[in-house]
Structure formats: structure tokens, C-alpha cells
Amino acid sequence: MNTNLKISNVTKIYPGCVANDNVSLEFNSGKIYALLGENGAGKSTLVKILSGVIIPDEGEIYLNKNNLKLNSPLDAKKNDIGMVFQHFNLFETLSVFENLIIDSDEQRESLREKIDSIMKKYNFSIDLDIPVLNLSAGQKQKVEIIRCLIRNPKVLIMDEPTSVLTEQETSELFLSLKKFSEEGILIIYITHKLKEVMQLCDEVAVMRRGKLISVSEIKNENIESLANKMVGQNLKTIKKKKAKTSSDQLIKITNLNFSSEDPFETNLIDINFSVNRGECLGIAGISGNGQSELFQVLSGEIISEKNSIEFNNNYIGDLSPQERREYLMAFSPEDRLEQAAIPQMKIFENVALNNFKSSNFFNNGLINENKIKEHSKKIISDFNVNTDNIELKSQFLSGGNLQKLIIGRELITSPDLLICFNPTWGLDVGAINYIHETLIKINEQNKSIILISTDTDELLKLSDKISVIHKGKLSKIMNAEEVTSEKLGILMGGAN
Amino acid sequence: MIKIVKRDQPPRAIFFFTPVLAIFLTLVAGGLIFFILGFKPFEALKFFFIVPIADKYGFSELLLKATPLCLIAIGLSFCFKSNNWNIGAEGQLTFGAIVSGGVALLFYEQEGFYILPIVILAGAIGGMLYASIPAILKTYFNTNEILVSLMLVYVSKLILDYLVVGPWSNPEGFNFPETRQFSDSAKLPLLFEGLRIHAGIFLALAAVVISWFVFYKTYLGFQMKVSGFSLKTARYAGYKGKKMIILVFLISGACAGLAGVGEITGPIGQLHREISPDYGFTAIIVAFLGRLHPVGIIFASLVVAITYLGAETAQIFMQIPKYTGQVFQGMILFFLLASDYLLFFKIKFIGSKK
């Protein structure tokens, strides 16, 4: 049976921003559709409307010519629309089976049979009776997908599903999605990764600033043309020049261990590496393999043994982040909104979070607001943050602008080493390019970078050396030219 | 049709409007309760809110009650702004009073300008010591500060009970549960002849100014603010989060302790069983009604202080129990929490579409 989903003249307005501006789209089963756009383009709003999370101001949705009134996620489920969100909605301590039946009122026994048959059909192998916290990200996603499949959906919406997956898991996912599509499920795939669109989809709809820009068949497009539509300008492709080989060692980590009392944290086991001046060391890995702990140990949020970290011929393992900053280290954490910045505080107050001695942000214990503001203005203009109001609360900056502010704040001391963790996570192409250019510039100035990232493309683009972290252990350090994304994928999965 | 819409950013005006709305709703609901009880609502409200402060004496009484509320609420605002839920100010007040009272008794029948400062300091230190218990347990043993600070209230009240009945009771006091009168040098001076308002009010005003200065102008205040929003950010910036937690508890304990000093070294001049009509708990309402802002807290403490006075007047003139005062305090908090809904949502009236 054919499924036809039609979005007709949908508009959603938020104060100060039109999230969806009169969007009309039509989907038919048998094809995989990509909904492509930068962050803030309105694709998330559109799929939230389709899944009943947001109610549009205007416009209608039709499924097989029936006008749908989606007032809640439950309405969407009842109308056979399934959605897998970017962030998993699973109860970590419950078993897989309990997670699957939690929103169903069918008999447990019949459901178990149904789930077994679904798993068999699509070659999923997951133990139903272990707690979800023991699953890998890829398996968790499969649980989410099964949860949708139980209801025999006509439409399956996937929101940025590959952000936590390895290469191998991604290709498995793509195989499954193609199978679903053959079975007649209409697939809508939301992403900003162009490569995936080319690999997986049949048709692509591009959104920009709330408007639908184009709908076209993939065979008529290529990565460059899509990127231009998405960003709305011709992007220059950036390439890193091969670094001058320097043997001047900047930081050396020796036998660094960290064991946590928290069962949700990863222990770090015998970490050893060094970075030379002007070099970028990339650390790849699937999220949750100890990256966050490694970042914290390097930044000083977690104190380690004094001798385990040698920076510029000083042992600094037992110093706090603030003390490490005085040795010219800088840090850009992964979580922009909960760690690197405080959304409820103003831009200039966030700048003051990097309080190095020579800044004079605070004199004799008093806030020197003029100095902070002066500094903030400089960061905003030097790093292209798109605002001129430093009194603005930083929650009103887009992800890209906030990240520029954070990187700017960290680089204003011209540090010898910048440690960043997923610096472009969730950003749009324009902002990603800007951040990448900035990072390359740092290396050109003979400063070093440790780049912890889950984005393999980013690592291959920026790193001189690459290592992979898996279950708290670091693989051997490889030269970036010798590494391919496939090889990284295998190491990220834990194989040798 | 009425539609509820989520706000992206609450406008500043609403922030100060909802406390006013809460007070208004409290008056309406209070009037309704009086009506049900068979009183004329407006007359009853007049007895409650206007008669008590109509003369000079009443006004002095208002300031007398508002002083400890303001002082404690200022201290609590440090805790609450940084997400530390110290609800044991009553205990810190009591313990502060015990320590300062003990010191005051040491100087029994002695005179000297140095006595009063020592007594005041002793009260602040007592409050700090008592507040440090939940703080240290929270930071080093992961206990819940709400539970610990609350339970310690009853411990301190029992200690006070034991002292005034037992070892510290007045030898010439016919076994009344109270201590000797402090010497005049250990008492806060009264400001006006015939009125009970005393110099403690200056402690409260000083606390207001100092807290404003610390929170908005100093690095320490900035660190507290950041730690309150996100401990993760504080750690990343290199602030000592644990120290910050202990510090806000100490500040809060010191303020409550000072309020305790004011209560015993003011007009009463001795330790007895009931030194505080739950000022420490009521101050929680004051802190929130004043939006944790120093100036807001001044106004809020005056408003809430009226409910204490009103309850007494109502008992005398209308024969209703003075606990009505607590009913009003409860209603203020209730309506404040309810009208805070408007901070995050706005109500839109839209014509019905057909």
C-alpha cells in the first residue's frame, strides 16, 4: 500500500524568528527523503510538527488524504508516524524489553513474539533482558527503531541518527533503512551531513532560514551543489597545509590513569602521548569511551598525579584549570550550554569565565566591568560573533556564534595549547568552516591543539597525528596521512 | 478561547509584578476566609493590615519584626541563588542566640563598651558553626542539606530548652524557664524612648548593602553566581565549588545568628524558651517574595512582618487565633509560586475560530 504524506503551507512563528515559513512538501512511500539544512534552518521544527511535539500556527498535514490533527506525540503514534530522536529516550536502568513495552498496552507475551520476529526479519541481535545502559549507542538506536516498528508505522522519521554511530554502525543503519523503505515505510531522514544524503537518499529537500529552498532528486545533485543550497553561498573548501615537522615537544602525558567511582564514567587506563609545537593531535572515538574524562584530566577539572602531565617542562598534573591557564593552556569543552558557557548570563559575563591573571578582569576581588566589556568587544569583532550587543544573554546566540565566542575567549590569551572537545558538534556548515579555519590558523602560528572529536571527517581534515580512544585506552598514535576513516572506524569499534 | 503560550524570556516587569499579584491574591483570599468565618471582609482586613501600623508604636513594632526577617532572608538569598537549599535558618538563629546569650551571661553585671561587639560576634559565629554542619555533610558526604538543616532546627531548640531550664536558668527566677537578664552593656541600644525598635535594624541594613555589593560587584559574588548556575562551569573555570558551597552556608548562618542576637539582646535581654516565632522559616518566604534581591527583600520583609502584627491585633479585637498570621504567610507563598507560572507562560486571549 502506498503512503502519501503531505505538508501543506505550514507556518510556525516564534518570537523574533520564523521557524517555518509557509512550507509545503509531499512524500511518497518507496523513497527515502532527506531533509537537509543547517542548524536553525527549521528542519527540527518541521519534524516536531510531524510528530506532534509542536503545534503549527498555520497549515495542514495530510496522511493519505486524511487531514491529521496532531496535538501530542500520542496523536502522531496513533496515526502511524514513528520518530527516532537524536537523543535517545530510553530508561537506562530498565531492560531492553521493558523499554520496548513501556508505551504499549498489548499483552507482554504477544509483544515478545512480535519483537522477536522484527529482530529476525531485520537481522538485529540484541539481548532483550539486559539493562539498556549496557548497550552501545548503535544498539540503543536499534531499540528506539524497534519501538517504532512495533506499531507498524507508515512513516518513520529519523532525526540526525548518525551523530553517535561508528562508520560500521552507520552503514548497518543505512541497510536497515533501505529495507524498511522497500517494505513500504516512508522514511524521512533529517541531517546536515551531505555525504550521508548522497549515500542513502533518493530525494532531498533543502531548508534555509525557515524556508523550503529546493526539492530535487539526488541523482541531479552533488555534495557541492547541496552545500551551496544549504548555506546559500559558495563555500570555499579549506585544506590544511602539511605542518612543518617540529620536534619541539610541548606536552607529554605519561602513565596517566583515572578511575572513577561513578559507574556511568569511564576509567582511563595508562594514557601516554605527546604533542609537539605546531601540531594537532586528533583523538577519535565513539562518544562515551572516556573522551569526557580525558578532557577533564587534561583541563584540570580532574586532578591527577603531578608528574603525569608535563607541559612546557613543568609538571602540572595537580594544577587546577585556572592555574593551567597561566601556563598558557586553553580549553573548549564539549557542552556549550552547560559547561563552556552559562546561557542565562550575559555575553561579557561569559567572557569573564576565562580569568587569567593579566586580564585584570577582577582587581583586588572586585569586578572590573569596563575591562571585561572591552575584551568582549574585541572577541566579538575578532572572531566574527554575529552580534554587537555584549549585554545580550548568551542563550540568544546561535550555537555557531556561541562556539565562536567560546573559542575566541579561550584564544584571546594566545595559548600554546588549545584542548577542544567536539568543537563543531551540532553546528552549521558556515560555523564549522569558520572554526576549522581558526584551528588551522592556530597550528600555522606554531601553537598546538589536542582535538577530541567524534566526527571522523573533522579529525582527518585537521589532525597531523591521530589516535583512537576505546574503553578508556588510547590506541597507538598514527600519522594522519596513513589513516583512513575505515581504519578509524575499526579501531573505534574496539578491534585492532 | 484562552491559550497558554510558553515565554522565551520573561520580561523584567513581570518579574516584579508577580510578587505584587501574589500579595493581592492573598488579600482577596484572606477576605474570603474572613467572610466565611462570619466577619466583614474589609473590616477584618483593616484590622489585620492597617490598624497594627497606624501609630508610631505599631510602626516600630513592624520594623522590629521585619529586622530579623530581612537579615535572615538576605543570608538565605546567598544560599538559594547558588542552589543550596538551607531551610534550617531557624536552627542557626537559635544556636546563634545560644552562643551569644552564653557570652552575654559571662559578662553578667559587668559594664564595658567592648561587651556588645563580642556578644554580637559570638552570635554570628554560633550561626556559622551551626550552618557549617549541613554544608560539610553536603560537600564531603553527599547528604541532602534540606533534611540535615531542617532536622538540626529541632536539635538546637532542644539544646536551648535544656539550657534555660537547667544549667543556665536564673537562680533567683522561681524556676521560670529563662536566664538572668543581661547587663546593659550586652544589650542592643533602643533607638527611641518608649519604643521597642533597637539598633539591630542597622545590622539588617548593613547586611542588605553588603550583600548587594558582594553579589553584584565582587569576584567572590561572580563565582557564587556561576557556581549556582552550573557547578560544571564553575569547575571548568577553576573555581572551588565545594568551598563556595560552604561559604554561602556560613554567610547564611552568620545572618541567622545575628538575627538571633537581635532577638535576645533587644528588648527582652535574656534567653528564654521561645526566642523566635519561626522567623527562620518565614524568612524563606521573604527571600522568595523579594526575588532574592536585596531591595526586594526589604519590601518583602515589611509585608510579611505585617502578618505577624495583624495576627495579634486580630486576636485581640476579633477573637480569632493568631495562627491566622501563618495562614496568610502560607497563602503568600502559595500564590507566589502559582503566579510565577506567568514568568514562564503567558496567557493569550484569542477569538474563537469557527
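Tabulated data
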read-out: Estimated FRET transfer efficiency (B:ASN144, A:LYS78; beta-carbon r; R0 41 Å; 0.05); value: 0.50
read-out: Cross-link partners of B:LYS46 among aspartates and glutamates (Cα-Cα below 16 Å; sequence separation of 8 or more within a chain); value: B:ASP55, B:GLU312
read-out: Taking A:GLU437, B:GLU172 and counting other C-beta atoms within 10 Å, the order from fewest to most; value: B:GLU172, A:GLU437
read-out: Chain A: calculated mean residue ellipticity at 222 nm from DSSP helix runs of at least 4, using -39500 (n - 2.57); value: -9000 deg cm²/dmol
read-out: Whole-Hz couplings from phi, Karplus 6.51/-1.76/1.60, listed for segment A:299-313; x for Gly and Pro; value: 7, x, 5, 10, 7, 10, 5, 3, 7, 6, 10, 10, 10, 6, 6
read-out: Estimated vicinal HN-Hα couplings, Hz - segment A:49-61 in sequence order (Karplus 6.51, -1.76, 1.60; Gly, Pro = x); value: 5, 5, 9, x, 6, 10, 9, x, 6, 9, x, 10, 10
read-out: Ranked packing of A:66-74, B:207-215, most packed first, by mean Cβ within 10 Å; value: B:207-215, A:66-74
read-out: Dipole in debye (nearest 20) - segment B:2-349, about Cα centre, beta carbon charges: Lys, Arg +1; Asp, Glu -1; value: 1920
read-out: Rel. contact order, % - alpha carbon contacts under 8 angstrom, at least six apart, chain B; value: 35
read-out: Between helix A:137-149 and chain A: long-axis angle, C-alpha atoms, 0 to 90°, nearest 10; value: 20
read-out: For A:342-352, mean number of other protein chain Cβ atoms within 10 Å; value: 3
read-out: Inter-chain Cβ neighbour average for residues A:363-369, partner chain, 10 Å; value: 4
read-out: Positive-pole candidate from A:ILE213, A:SER125, A:GLN168, dipole of segment A:125-227, charges at beta carbon; value: A:ILE213
read-out: All aspartates and glutamates inside 14 Å of A:LYS306 as judged from Cα atoms, apart from same-chain residues fewer than 8 positions distant; value: A:ASP318, A:GLU323
read-out: Residue-span extension gain [B:GLN110 to B:ILE350] - 0.36 nm each, minus C-alpha spacing; value: 79.0 nm
read-out: Rounded to the nearest 20 debye, dipole of chain A from Cβ charges on Lys, Arg, Asp, Glu; value: 1140
read-out: Calculated FRET efficiency for the pair A:LYS487/A:SER214, C-beta based, R₀ 41 Å, to 0.05; value: 0.70
read-out: Per-residue ³J(HN,Hα) for segment B:75-89, Karplus 6.51 cos²θ - 1.76 cosθ + 1.60, θ = phi - 60°, Hz, x for Gly and Pro; value: x, 5, 4, 4, 5, 5, 5, 9, 6, 10, 9, 7, 10, x, 4
read-out: Cα lying deepest toward the dipole's positive end in chain B, options B:SER100, B:GLY112, B:ALA135, charges on Cβ; value: B:ALA135
read-out: Relative contact order of segment A:402-482, defined on C-alpha pairs under 8 angstrom at six or more residues apart (%); value: 24
read-out: Extreme residue, positive dipole direction of segment B:87-242, given options B:LEU147, B:GLY238, B:LEU158 (C-beta unit charges); value: B:GLY238
read-out: Label-to-label distance, nm, for residues given as A:LYS65 and A:LYS306 (7 Å Cα→Cβ offset); value: 8.1
read-out: Neighbour-count ranking [beta-carbon atoms within 10 angstrom, fewest first] of B:LEU71, B:LEU63, B:LEU163, A:LEU366; value: A:LEU366, B:LEU163, B:LEU63, B:LEU71
read-out: Chain A, relative contact order in percent, only Cα pairs under 8 angstrom and at least six apart counted; value: 15
read-out: Number of partner chain Cβ atoms within 10 Å, mean per residue of B:217-225; value: 5
read-out: Rounded to 5, the percent of DSSP beta bridges in segment A:249-492 classed as antiparallel; value: 50
read-out: Which listed pairs, of A:LYS373/A:LYS393; A:LYS211/A:LYS441; A:LYS471/B:LYS242, have C-alpha distances above 25 Å, in listed order; value: A:LYS211/A:LYS441; A:LYS471/B:LYS242
read-out: 0 to 90° range, to nearest 10: angle between helix A:369-382 axis and chain A longest Cα axis; value: 60
read-out: Loop GluC sites (Glu not before Pro), segment A:99-197, which have at most 16 other Cβ atoms in a 10 Å radius of their Cβ (DSSP); value: A:GLU106, A:GLU183
read-out: Under 17 Å from the Cα of B:LYS225 - aspartates and glutamates, other chains or at least 8 residues apart; value: A:GLU338, A:GLU349, A:GLU369, A:GLU391
read-out: Helix-only CD estimate at 222 nm, as mean residue ellipticity for chain B, using -39500 (n - 2.57) per DSSP H run (n ≥ 4); value: -23000 deg cm²/dmol
read-out: Projected label distance in nm at B:TYR154 and A:GLN249, using a 7 Å step from Cα toward the beta-carbon; value: 6.2
read-out: Of the GluC sites (Glu not before Pro) in segment A:321-414, those whose Cβ has at most 11 other Cβ within 10 Å and which sit in DSSP loop; value: A:GLU391
read-out: Packing-based ranking, highest mean first, of B:19-26, B:298-305 given that Cβ atoms within 10 Å are counted; value: B:298-305, B:19-26
read-out: Virtual spin-label span in nm between A:ASN257 and A:ASP335, 7 Å along Cα→Cβ; value: 2.8
read-out: Packing-based exposure ordering (other Cβ within 10 Å, fewest first) of B:PHE202, A:PHE383; value: B:PHE202, A:PHE383
read-out: Antiparallel bridges, percent of DSSP beta bridges restricted to the protein assembly as shown (to nearest 5); value: 60
read-out: Within segment A:85-116, backbone nitrogen closer than 18 Å to the virtual label 7 Å beyond the Cα of A:LEU128 toward Cβ; value: A:91, A:94-116
read-out: Ordering of A:288-300, B:130-142 by packing [mean C-beta count within 10 Å, highest first]; value: A:288-300, B:130-142
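No value in this document is a laboratory result; all are computed from the given coordinates. The structure displayed is predicted, hence computed values, not measured ones. Reconstructed Cβ throughout: ideal geometry from the backbone, glycine too, with neighbour counts over all protein chains shown.
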